[in-house]
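Novice: My questions will all concern the structure given below.
The values are calculated or read from the model by the stated rules, or taken from the named source; none is laboratory data. Since we're looking at a predicted model, the values are computed, not measured. Methodologically, a virtual Cβ is constructed for each residue, glycine included, from the backbone with ideal geometry; neighbour enumeration extends over all protein chains shown.
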Amino acid sequence: MSDLIFHHYANSPFSEKVRTIFGYKKLPWKSVLIPAIMPKPNLTALTGGYRKTPVLQIGADIYCDTALIANVLEQIAPAPTLYPPETEGVARTLAQWADSTLFWTVIPYIFQQPAAIQSILGGATPEQMKAFAADRAGFRGNAPRISVGEATGSLLEYLRRLENMIGNGKHYLLGAQPCIADFSVYHCLWFVQKAKEVASILDRAPRLQAWMARMAAIGHHQFEAMSGEQALEAARSASPANIDAAFVNTFGIALGEQVTIAPTDYGIDPVEGELVMATDNELAVRRTDPQAGTVVVHFPRLGFQLKKI
Ligand SMILES: N[C@@H](CCC(=O)N[C@@H](CS)C(=O)NCC(=O)O)C(=O)O
């Protein structure tokens, strides 16, 4: 199997979701550390403009967004599954809620409390803090803007609901084993835990804390460092995988047309290329880049907008 090349940084919650999935599935991976703010020249050479963290690369195939990355890892290593059949629909829907609503409750809860910012951006100089704030101001796009009071109240209510899902011998959110929803909720609360000064809110949910310890114990499995240049070389020297998937055309745009694909929520930088794939839950474009060569960049359908150029 080709290397699983993972572009991420340590303090990124969505990266922690995927690192923990590597751990759960015992998949070895290559770790490419990327900057937390723009510019990210090696990454955007691969993606064609998508800048969010993390991104998974397999040779000349580039997978954006952790909802899709989780699907890809499930195909590579079906056991243990992230989607037990009896709860797949509810698990995917709960994961989608956590990756959007819970995440955008946790972010203002942490970043509107100056003491907490210190422990997340610990060691950053005032200039770096300023650069981070300026980067994220542009990045936020359509993400909800809520006050710290609203965020605290919502988080308390969400913690009560999540706490209610664990217990009576049920060790994970939807059953005896973790599913995709566990990984999506976990990365959000992991970020709260890291913001030590405001993490005591989690003490209100002791069963959930025990669940967090079980999730943390999964670990990240084995990984080796790789440089951004080596990752570009891996893309250049590979060809994108053959695409053999039914075309689901809900847009009236044909395969082979030039299109852009962009997130609809935040970090909405579009990626331009030739539409080569549209399935029930995945879109992909082929593009050629001076540094990365010809790559296929894949996105989930949900949360992304396709436009004909
Ligand atoms: N829907 C995306 C969300 C990813 C996301 O919001 N990542 C954050 C970091 S955890 C990000 O991109 N922050 C800005 C950056 O890293 O440039 C996914 O599931 O991958």
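Novice: Is it the case that THR264 is touching a Gly at 6+ places or on another chain (Cβ under 8 Å) and hydroxyl-bearing (Ser, Thr, Tyr)?
Specialist: Numbers: touching a Gly at 6+ places or on another chain (Cβ under 8 Å): yes; hydroxyl-bearing (Ser, Thr, Tyr): yes.
Taking the combined requirement at face value, the residue satisfies it.
Novice: Regarding LYS17, is this residue charged (D, E, K, R) and surrounded by 22 or more Cβ atoms within 10 Å (Cβ to Cβ)?
Specialist: Details: charged (D, E, K, R): yes; surrounded by 22 or more Cβ atoms within 10 Å (Cβ to Cβ): yes.
Yes.
Novice: With the condition being touching a Pro at 6+ places or on another chain (Cβ under 9 Å), without any contact (Cβ under 8 Å) to a residue 12 or more places away in the chain and of a type in the set (Asp, Glu), I'd like the helices (runs of 4 or more DSSP H) fully within the stretch 1-104 carrying at least 3 qualifying residues.
Specialist: none
Novice: I would also like to ask the following. Sort out for me the strands (runs of 3 or more DSSP E) sitting completely within the stretch 257-309 that have 1 or more residues that are of a type in the set (Asp, Glu).
Specialist: Ranges flagged: 271-278, 282-289.
Novice: Something else: Looking only at the stretch 188-195, decide whether some residue is over 19 Å from VAL18 (Cβ atoms) and either outside the structural domain of PHE22 (by TED's automatic domain parsing) or not charged (D, E, K, R) (or both).
Specialist: yes
Novice: State all residues of the stretch 232-271 that are of a type in the set (S, T, N, Q) and away from the ligand (no atom under 16 Å from the Cβ); if no residue qualifies, say none.
Specialist: If the condition is that a residue be of a type in the set (S, T, N, Q) and away from the ligand (no atom under 16 Å from the Cβ), then SER237, SER239, ASN242, ASN249, THR250, GLN258, THR260 are the ones that fit.
Novice: Somewhere in the stretch 228-242, is a residue exposed (fewer than 15 other Cβ atoms within 10 Å of the Cβ), within 29 Å of PRO80 (Cβ to Cβ) and assigned by TED's automatic domain parsing to the domain that holds GLU16?
Specialist: Yes - at least one qualifying residue is present in the stretch 228-242.
Novice: Now for a separate question. Among the candidates ALA143, ALA181, ALA213, single out the residue that is free of Cβ contacts under 8 Å to residues at least 24 places away in the same chain and either among the aliphatic types (A, V, I, L, M) or within 17 Å of ALA10 (Cβ to Cβ) (or both).
Specialist: Unique residue meeting the criteria: ALA213.
Novice: Also, quick follow-up: If you scan the stretch 251-307, which residues turn out to be closer than 27 Å to ILE107 by Cβ, charged (D, E, K, R) and free of Cβ contacts under 8 Å to residues at least 40 places away in the same chain?
Specialist: ARG301
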